[in-house]
1. What list do you get for 30, 394 if you sort them by fewest beta carbons within 10 Å?
2. Can you give the log10 of the normalised intensity I(q)/I(0) at q = 0.18 Å⁻¹, computed with Debye over equal Cα scatterers of the range 189-281?
3. Restricting to DSSP loop positions (anything but H, G, I, E, B) with no more than 13 other Cβ atoms inside 10 Å of their own Cβ, which trypsin sites (Lys or Arg not before Pro) remain in the range 150-253?
4. Compute the helix-to-body angle for 110-123: its Cα long axis versus the longest principal axis of the chain, expressed 0 to 90° and rounded to tens.
5. With an 8 Å Cα cut-off and a minimum separation of 6 or more residues, compute the relative contact order for the chain in percent.
6. Take the chain, mark every one of the chymotrypsin sites (Phe, Trp or Tyr not before Pro) that falls in a DSSP loop and has at most 16 other Cβ within 10 Å, then report the longest stretch left between them, sites excluded.
7. Give the whole-number value, in cubic angstrom per residue, of the convex hull volume spanned by the C-alpha atoms of the chain.
8. Hey, what's the Kirkwood Rh for the range 216-373 if you take every pair of different alpha carbons, in angstrom?
Amino acid sequence: MSDSQCYDVIIIGAGPAGACAGALLARAGKNVLCVERGHFPRFSIGESLLPHCMEFLAEAGLLDTLEQHAAELGFQFKNGAAFLKNGMRTEFDFTRKTSVGPGTTFQVKRAPFDQLLANAAAAQGVDIRYGLEVIDFSYPDAQRVTLSVRNDQGEVSELTSRFVLDGSGFGRVLPKLLKLETPSGFPVRQACFCHIRDGITDPSFDRNKILITVHPTQQDVWYWLIPFSDGTASLGVVGATSRFVEFESSAAALWQKVADETDLAALLANAEAINDVRNLTGYSANVGALAGDRYALLGNAGEFLDPVFSSGVTIALRSASTAVPLVLQHLAGETVDWNSQYSIPLRKGINTFRQFVEAWYDGRFQDIIFSEQRQEQISQMISSILAGYAWDEKNPFVADTPRRLKTLSEICAV
């Protein structure tokens, strides 16, 4: 049975992008329906937030809820990132940056985090319905959009709105239905990951920072270790798919790669997995356009780069914050140029992250961050990028990323 109501906006996906966009629209007095294929809580990666996220959560009225429940949910205060490679250690303090904005955030378990944000958005008036999969998208007339949805029992119904935002993440609903997907330009990489009871006893280990470790002989292979406040952590290894073909399982790949890196293996000598090791392959994605006739793509639904700098949730929340004012203009009957007002500004920061990701894998950025010649001012500029401020064009590493990275990497390599 179809819903006869025409909503102002239907959002696909109740993750961070969907919850943030829904809350912003509800606060503007709009009638918002959010449809989510899964049932919360559900496992997801992307657990290390960046400080820039805090601005968007505050804007949507979600930050207070996060801060109130962080401790009870095992979320870990985060103030930076640490890096390890062949015994070399370096770190970045996100409070020491050139960009204006928050310098701290949290490392979160995404299952309770996503549910917390969704519940907070619902409390602000967003109608969230779980167990609904979007299977079709159509235009019944010049004003409305219709989504066909299927529930857990296989029943199909129709929902109508004046605009659709796709925050479906890796599900990438509209890119698939509308054939918007294009090659990402990145090699096919694989991630093997799980949650662990980390058992870390080393008093020098800083739980307030994510730890990124480079494989001792394969610079394109790296590990994440994201501590939570309850003694658990998220652990993963990432590399080209060719780096994993020799292993019979994802678990074997993860633990053998950890064993390869002696410092990381020693740190995790007492670790034990608390869920199955999962595998994500070919996760990088791109689209030809981030918006079209009465729809826009948010976060990972539009483009996902790589998990190395934890940019996913930041891009998702930034996209929601950027899109919602334009949706409100559209609903008010105003003309919106989605390319110049949404796609181009959003992709400026995405492209900054992209160039840092490319420089990470080809070794240039690794040379920079592990260099003993790195000056404090340069460190603060880089810290801004790592803290999520990839849209701050006052930062030379944002305004002129390719040249700055090339010059600095050449200096550091010498």
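What follows is calculated from the coordinates using simple rules that are stated; it is not laboratory data. Keep in mind that this is a model prediction, so the values were computed, not measured. As a convention, Cβ positions derive from the backbone with ideal geometry for all residues, glycine included, and neighbour counts pool all protein chains shown.
1. Working: 30 20, 394 12.
Exposure proxy ranking, most exposed first: 394, 30.
2. Evaluating at q = 0.18 Å⁻¹ gives log10 I(q)/I(0) of -0.75.
3. Numbers: sites: 150, 162, 172, 176, 179, 189, 197, 207, 209, 243; in loops: 162, 172, 179, 207.
Filter output for the range 150-253: 179.
4. Roughly 30 degrees between the two axes.
5. 21
6. On the way: sites that count: 43, 205, 247.
Between the exposed loop sites, the longest stretch runs 248-414.
7. Numbers: hull volume 57.6 nm³, N = 414.
Dividing the Cα hull volume of the chain by its residue count gives 139 Å³.
8. Values: mean 1/r = 0.0543 Å⁻¹.
Computed over the range 216-373, the radius equals 18.4 Å.
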